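S.K.: Take this structure, written in structure tokens, and hold onto it; I'll ask about it next.
Please treat every number below as a calculation from the coordinates, not as lab data. Remember, predicted model here, so these are calculated numbers, not experimental data. Every residue, glycine as well, gets a Cβ built from its backbone with ideal geometry; the counts of neighbours run over all protein chains shown.
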Amino acid sequence: MTPAKKLLGTAFFFFFSFFPGFLQAQEKTKAPQTIPELQRAIKTVLNETGTPAVGVALVQGDSAIWVAGLGLANREKKVNATANTLFRIGSVSKMFVSLAVLKLQEEGRISLKAKVRELAPEIAFTNPWEDTVPIRVEHLLEHTTGWDDMHLADYALNDPNLTLKQGLDFLPDTRTSRWMPGTRMAYSNSGPPVAAYIIEKLTGQRFEDYIQTHFFQPLGMTTATYFASDLYRQRGATLYMNNDPQPYWNISVRPSGAINASPNDMARMLRFFINRGQAGGRQIVGEASLKRMETPSTTTGARAGLDYGYGLANYSTPFKQFVYRSHSGGVNGGMADFSYLPEQRVGYAIMINTTNGNALNRISDLIRNFQTAPFRTDSIRKKPVAQAFDDAITGYYIPINPRVQRMYFQQRIAEGKRIWRNGNFLFSRNLFGGGLETHVAVANGRYASAETGKISVVQVNDPLAGEVVHIGSQVLMPVSPVLAFGPPILRFIWILYLLGSLVFGSIWFIRYWRTRRGSRETRNVILWPFLTSLLFLATTILGIIGGLDPMERLGKIGFLSVSALVLSVLFALAAVWSVVTVVRERKAPVSRTIYWHTVVLSVLHCIATGYLTWFGAIGVPTWQ
């Protein structure tokens, strides 16, 4: 699956994720000029980040200029990684679902515009707008169905014998459109396997067999496989999380992220894209199909001219003046990055056997700097046009296309933005600083990146939310300054009070237990807000523990997952009772300083409970 899946376990548990995270700054290193310099720089990253091994493939035109494995594929047995070591590529696997659909479309056997309900009526999904805005095949591949992402229980279904249909039938409720299909993008592992199932119906073949025959074999990807085959057991890199070896993860819907491939395999896959669908002297897929694959088309932003975004399992990832076409991926203990520049005819693939996003990003930057050094580009829109525009885009915004609905309460607070105009320049940044981006006006409601010249921001009308802004794959709705700043400020104040209550309450109750000094009323006033804070802390700790092995500990019903649910409900009940208690004891002979402190804390607890309840984050059965 995608790199975000490694973080999902810890972040998924809603209380723990209430605390903001900070990205580790990457070290700036001199760009390598030669392959030996690049190799040494990558080895340095492995050493500094504790990454066991990396598989690398660099391609230019028809040639693989460097294909290798570095480091240890297995630490315990001291097995070196090589160009034939099999790594797990996660969601890069989705690219083959799109390629298969495009190939079948060229053969006249399917259309991207075809209605999913007509092709696969036996696959359960809910779309309130199906009569007027049906879900189409292209929505499955561009993640514009409006569906939620798969839940932890889907990922925990570790059964190698499941058919694709059985995997899809496990938790169909995640396939419910939260907004009108074809309007907003939200990454969902639920969509591509439905497209893969349609391929099975059309071809009469198991999806994995179809890909083996029509892509792996013609491309020369001789060791690529969706399964824990005998070859994988011989050559597969051991995956590590927190330095612990991981068992093989049998993904319930294999088309979304199950492929194992070697650097040699990935070099051949890169050449296929760089040579525009050709392999072994054959045109496997037409160039027009690859162009469609690389073009976001089904969101309201894309229809308004947005260049950045997600095509058919194909991201746009800007780097300096260049825009790579790419897909990343990851599973428990493994991450991958597959990227190429079609016009410059270069690309790379990297795969590591640990979940260290910093290591993956640093290696990616090293390779991108190395690959793009010989090229020069001149953006067609480095300066804004002379015409004055008057779109009302300045303001504060919050995201409205969450990938995981259960986590939206956190995204709503953490990913707010401020957008403002200065003449025909547009600036955007995170609500509390950082992430500054500059765009230049090209028309009313349309702005381009100053570096790449590609349309990077559009202002459009969303059929449900009204006027919104699309920045890449993110959809932002304007809100008042109060709604933008209020929740994060309240969260900050709440956490300060909560931490203070844990310290003060612990000291007070120790003294009370030892000396029995203090009135019953004072004890009651302090007790319930203190107990509420303790329940939140306990739930947070369970979230941390569960995040160490999220699929096993939270994705299945068990002591930890049930305890987390129960504690979250007790937290909410205690928060309400805290308010009741301070109201009851308002005339009690209690220190006014202590009383008003507990009043504020109790109200903040209650606000937090209301907010979490509103977004469905209280009493979450993570095993469903």
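S.K.: Specify which residue in the list ASN461, ASN422, MET407 is farthest towards the positive end of the charge dipole of the stretch 395-479, using unit charges on the beta carbon of Lys, Arg (+1) and Asp, Glu (-1), about the Cα centre.
M.R.: In the stretch 395-479, that residue is MET407.
S.K.: Can I ask one more? If N is the number of residues in the stretch 484-614, what value comes out of its Cα radius of gyration divided by 2.2 N^0.38 Å?
M.R.: The stretch 484-614 yields a ratio of 1.15.
S.K.: Ok, one more. Please state the relative contact order of the stretch 254-345 as a whole percent: Cα pairs under 8 Å, 6+ residues apart?
M.R.: 20 percent
S.K.: From the cross-link list LYS115/LYS556; LYS43/LYS77; LYS291/LYS556, which pairs have alpha carbons spaced over 31 Å apart?
M.R.: The pairs that break the limit, which is 31 Å between Cα atoms, are LYS115/LYS556; LYS291/LYS556.
S.K.: When the expected Rg is taken as 2.2 N^0.38 Å, what fraction or multiple of it is the alpha-carbon Rg of the stretch 395-479?
M.R.: After normalising by residue count via 2.2 N^0.38 Å, the value is 1.07.
S.K.: Continuing with the same structure: With the cut-off at 1.5 for a/c, could you classify the stretch 192-260 from its C-alpha gyration tensor as rounded, prolate or oblate?
M.R.: Verdict is oblate for the stretch 192-260.
S.K.: Convex hull over the alpha-carbon atoms of the chain: what's its volume per residue in Å³? Could the numbers behind the result be given before it?
M.R.: Working: hull volume 106.8 nm³, N = 624.
Given the Cα convex hull of the chain, per-residue volume reads 171 Å³.
S.K.: Percent of Cα-Cα pairs per 5 Å bin, from 0 to the last occupied bin, for the stretch 402-540, please list those.
M.R.: Pair shares across the bins are 2, 8, 13, 14, 13, 10, 8, 7, 7, 6, 5, 4, 3, 1, 0.
S.K.: Taking every DSSP beta bridge with both residues inside the stretch 395-479, roughly what % is antiparallel (nearest 5)? Write down the numbers at each step before the final one.
M.R.: Details: 33 of 33 bridges.
So the antiparallel bridges amount to about 100 percent of the total.
S.K.: Still on this structure: Would you mind calculating the relative contact order of the chain from Cα pairs under 8 angstrom and at least 6 residues apart, reporting the percent as a whole number?
M.R.: Relative contact order of the chain: 17 percent.
S.K.: Tell me which residues come under 5 Å, amide H to amide H, from ALA73 once H is placed; ignore anything under 5 positions away on its chain.
M.R.: Here the answer is VAL79, ASN80, ALA81, since their amide H atoms fall under 5 Å of that of ALA73.
S.K.: Once you have the Cα-Cα distance between TRP596 and SER506, take 0.36 nm times their residue separation minus that, and quote the gain in nm to one decimal.
M.R.: 30.6 nm
S.K.: Let me have the relative contact order for the stretch 45-113, percent, based on Cα pairs under 8 Å that are six or more residues apart.
M.R.: 20 percent
S.K.: Just tell me which aspartates and glutamates come within less than 13 Å, Cα to Cα, of LYS113; anything on the same chain fewer than 8 places away is out.
M.R.: Here the aspartates and glutamates satisfying the reach criterion relative to LYS113 are GLU138, GLU142.
S.K.: Calculate how many DSSP beta bridges within the chain are antiparallel, expressed in % of all such bridges and rounded to the nearest 5.
M.R.: Percent antiparallel among DSSP bridges in the chain is about 95.
S.K.: Let me ask something else about it. Along the positive direction of the dipole of the stretch 484-614 (beta-carbon charges: Lys, Arg +1; Asp, Glu -1; about the Cα centre), which of GLY486, LEU554, ASN524 reaches farthest?
M.R.: ASN524
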